[in-house]
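Peer 1: Here you go, one structure.
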Amino acid sequence: MSPKTSTRPKIYVIEDSLLTLDAWLMMLEPDCDVTGFEEPESFKKLLDEESNFLDEVDAVIVDFYFGASDVTGDEVAQWVKAKNPKVCVLLCSEGFSPAEKMPDGVDRIIAKNPVSLAWLNLKKSVQ
């Protein structure tokens, strides 16, 4: 993995609700280099085409269900971990209970409410 070119964390957010995606970007942009994707297919295309796409990424925040796609967030998590197992994958869902098994590739399940970098508590893992 190449050394990071920025000291700011780099996060990708994959969310099909434009309102929620915009809220994530607004919450994270003060502290992160953040890029949003409206559907998992556009994320997958870059993941497949650019060999270094995940090299400098600290975290991927991904919705669980996408209305216009058969892909789910846990599938995206597996794509990410297959390319770079060091990237933290946060799955946004209101549908999981703490008693359920964590989906493969997912590091943590968080609520769908966009939050700041400080709340995500990623600073230890991204420095």
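The values are calculated or read from the model by the stated rules, or taken from the named source; none is laboratory data. Remember, predicted model here, so these are calculated numbers, not experimental data. All Cβ positions, even for glycine, are placed from backbone atoms using ideal geometry, and neighbour counts span all protein chains on display.
Peer 1: Can you tell me which of 67, 105, 95 is at pLDDT 85 or above, surrounded by fewer than 18 Cβ atoms within 10 Å (Cβ to Cβ) and not aliphatic (A, V, I, L, M)?
Peer 2: After applying the criteria, what remains is 67.
So that you can scan it fast, the table gives a plain yes or no per residue for (1) in contact with a His (Cβ under 6 Å, 6 or more places away or on another chain); (2) outside any loop (DSSP other than H, G, I, E, B); (3) of a type in the set (Asp, Glu); (4) exposed (fewer than 15 other Cβ atoms within 10 Å of the Cβ):
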residue: 22; (1), (2), (3), (4): no, yes, yes, yes
residue: 30; (1), (2), (3), (4): no, no, no, yes
residue: 47; (1), (2), (3), (4): no, yes, no, no
residue: 52; (1), (2), (3), (4): no, no, no, yes
residue: 62; (1), (2), (3), (4): no, yes, no, no
residue: 77; (1), (2), (3), (4): no, yes, no, no
residue: 90; (1), (2), (3), (4): no, yes, no, no
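Peer 1: With respect to the numbered conditions (1) of a type in the set (Ser, Thr, Tyr); (2) at pLDDT below 95; (3) surrounded by 17 or more Cβ atoms within 10 Å (Cβ to Cβ), which one is the sole condition not fulfilled by residue 12?
Peer 2: All conditions pass for residue 12, except number (2).
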